[in-house]
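J.: My structure is below; once you've seen it, I'll send some questions.
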Amino acid sequence: MPIYLDYNATTPVDKRVLEVMLPYFTENFGNASSRTHSFGWLAEDAVKIARQQVAELINCLEQEIVFTSGSTEAINFAIKGIWENYQFKGKHIVTVKTEHKAVLDCCAFLEKRGAKITYLSVDREGLIDLDELKSALSSETILVAVMYANNETGVIQPIKKIADLVHANNSILLCDATQAVGKITIDVEEEHIDLMCVSAHKMYGPKGVGALYVRRKGPRVSLFPQMHGGGHERGLRSGTLNVTGIVGLGKACELAKEEMWEDAIRVSKLRTKLEQLLCETENVFINGSTKHRLFNTTNITFQGIRSESLINKIPNIAVALGSACTSALAQPSHVLKAMGLNDDDSFSSIRFSLGKYTTEAEINEAISLFRKLLMELKN
Ligand code: PLP
């Protein structure tokens, strides 16, 4: 059996999630907008429960959740929705060089439409400089988009401190928390996040479903809809609701709330073992802060060895070069480059991301295969 160490790309659906989804494909197939019969009411009730489950995981109100097809859509909705509604106030957006392409490509799109974008740099650890953020902010800044945890390195930004600066400037904070939700506790009230995206397939739910959290009070955030037709989701996102997917997302959130810390303790031990044993080899090092990092991710450079050739020699281990979303393009990772790695080191880096089904036996096997191969390549 191949060993799957690419949980940041996607996760298998938890069987308990699948179980609650299945009836909504068949007997409970109603449209959640059908108000005239029990099929519709059943679907509507299921969506309501799922909305509560998502809201409970991140500590917000049910009415602050808008279901989407995933984080890419949620990010497009947030950035373009803010741009349309707040342009009168200013045309400046601040983001970070290490954001996911969904954020960077939206910003590049708006740049062509007259937006002024500031791309904050990161240090060798992958962290932004709060002073640089502070000096980038102006009365023209309508939005600041900073991710919670990076998909390639797992590095976690100081979101609360960022939120304080953003709100002192009367701007809005969008946080791409795709990789963090369900892995660590996130409280949008406590951390004062205004917009935040969630994706089910990163947390043992199905692909093609997610949500955008939109703050209602302090400040009330108003987004211009990107999908028209039917007025679903309080007019913010039209389109028949993906009831099965939403039920799955809700259940995944419920399970994460109950179980994430158990997983974290076990998985972080396995991650530490993996990276410590791999880094015993000469010229092998970890990228990004080891202090402010998700427990499941490690990004390792094997200096002088192309990661592609390394991976090709161990086809049984599923890992990622840079990020899965950009790996079709033969370009060095924009995240590692922004952290100061040169192209060679960037092309020699591998992302290992573990998950709740990763076993100690799998990690032992991965360590032994990698170490054997590194020895061979050295001699
Ligand atoms: N943001 C981050 C940090 C991600 O890791 C991903 C997926 O890889 C996305 C956004 C896009 O999420 P989705 O697959 O739900 O569109």
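A short reminder: the numbers here are calculations on the coordinates, not readings from a lab. Since the structure is predicted, the reported quantities are computational estimates derived from the model, not experimental observations. All Cβ positions, even for glycine, are placed from backbone atoms using ideal geometry, and neighbour counts span all protein chains on display.
J.: For region 1-65, which GluC sites (Glu not before Pro) are both in a DSSP coil and crowded by at most 16 other Cβ atoms within 10 Å?
T.: When the GluC sites (Glu not before Pro) of region 1-65 are filtered for loop state and at most 16 Cβ neighbours within 10 Å, Glu27 remain.
J.: With n ≥ 4 as the cut-off for DSSP H runs, can you work out [θ] at 222 nm for the chain, using -39500 (n - 2.57) per run divided by the number of residues, rounded to the nearest 500?
T.: -12000 deg cm²/dmol
J.: Out of residues 5 or more away from Ala32 or on other chains, whose amide H comes under 5 Å of its own, with H placed 1.01 Å from N in the peptide plane?
T.: So Ala32 has HN proximity to Leu241.
J.: Applying the Karplus parametrisation 6.51 cos²θ - 1.76 cosθ + 1.60 with θ = phi - 60° to the phi angles of region 223-235, what ³J(HN,Hα) value in whole Hz is obtained for each residue in order, glycine and proline being reported as x?
T.: After applying 6.51 cos²θ - 1.76 cosθ + 1.60, I find 10, 7, x, 9, 10, 10, x, x, x, 5, 6, 6, x Hz.
J.: Looking at the chain, what % of its DSSP beta bridges pair antiparallel, to the nearest 5?
T.: 50
J.: Tabulate in residue order the Karplus-calculated ³J(HN,Hα) for region 25-32, using 6.51 cos²θ - 1.76 cosθ + 1.60 with θ = phi - 60°, rounded to whole Hz; enter x for Gly and Pro.
T.: 8, 10, 5, 9, 8, x, 8, 4
J.: Once the principal axes of the Cα atoms of the chain are found, what is the range along each, listed largest first in whole angstroms?
T.: Rounded to whole Å, the extents work out to 72, 53, 34 Å.
J.: So which chymotrypsin sites (Phe, Trp or Tyr not before Pro) in region 62-104 end up in coil per DSSP with only 12 or fewer other C-beta atoms within 10 Å?
T.: Those satisfying the criteria are Phe88.
J.: As a footprinting exposure proxy, order Met375, Met339 by other Cβ within 10 Å, with the fewest listed first.
T.: Least crowded to most crowded, the residues run Met375, Met339.
J.: Where Rh is the Kirkwood radius over the Cα pairs of region 117-227, the temperature 25 °C and the viscosity 0.890 mPa s, what D in µm²/s does Stokes-Einstein return?
T.: 166
J.: Can you sort Asp263, Asp131, Asp344 from fewest to most other Cβ atoms within 10 Å of each residue's own Cβ?
T.: Ranked by crowding around the Cβ, least crowded first: Asp131, Asp344, Asp263.
J.: Taking the Cα centre of region 15-255 as origin, work out the dipole magnitude from +1 charges on Lys and Arg Cβ and -1 charges on Asp and Glu Cβ, in debye rounded to 20.
T.: For region 15-255, the charge dipole is close to 500 debye.
J.: Between Lys97 and Asn31, what is the FRET efficiency for a Förster distance of 41 Å, r being their Cβ-Cβ separation, to the nearest 0.05?
T.: Calculated transfer efficiency: 0.45.
J.: Subtract the Cα-Cα distance of Gln52 and Asn364 from 0.36 nm times their separation in residues, and report this length gain in nm to one decimal.
T.: Stretched out fully, the Gln52 to Asn364 stretch lengthens by 108.3 nm.
J.: Still on this structure: Starting from region 1-48, pick out the chymotrypsin sites (Phe, Trp or Tyr not before Pro) whose DSSP state is loop and whose Cβ has at most 12 other Cβ atoms within 10 Å.
T.: Filter output for region 1-48: Phe25.
J.: What FRET efficiency comes out for Lys217 versus Ser268 if R0 is 41 angstrom and r is the Cβ-Cβ distance? Round to the nearest 0.05.
T.: Efficiency for this residue pair is about 0.70.
J.: Right, another one. Provide the per-residue ³J(HN,Hα) series for region 191-196, in order, calculated from phi with Karplus coefficients 6.51, -1.76, 1.60 and θ = phi - 60°, each as a whole number of Hz, with x at glycine and proline positions.
T.: Residue by residue, region 191-196 yields 8, 6, 8, 9, 9, 8 Hz.
J.: Mind listing the long-range amide H neighbours of Leu341? Cut-off is under 5 Å, sequence gap 5 or more, other chains count too, H placed in the peptide plane at 1.01 Å from N.
T.: Here the answer is none, since no amide H 5 or more places off falls under 5 Å of that of Leu341.
J.: While we're on this one: Could you tell me which helices of the chain pass both thresholds, a Cα extent of 20 Å or more along their own axis and a mean Kyte-Doolittle hydropathy of at least -0.5, with helices taken as whole DSSP H runs?
T.: Helices meeting the criterion: 38-58, 71-86, 243-278, 360-378.
J.: How big is the charge dipole of region 242-379 about its Cα centre, in debye rounded to the nearest 20, if each Lys and Arg gets +1 on its Cβ and each Asp and Glu gets -1 on its Cβ?
T.: With only Lys, Arg, Asp and Glu charged at Cβ, the dipole is about 80 debye.
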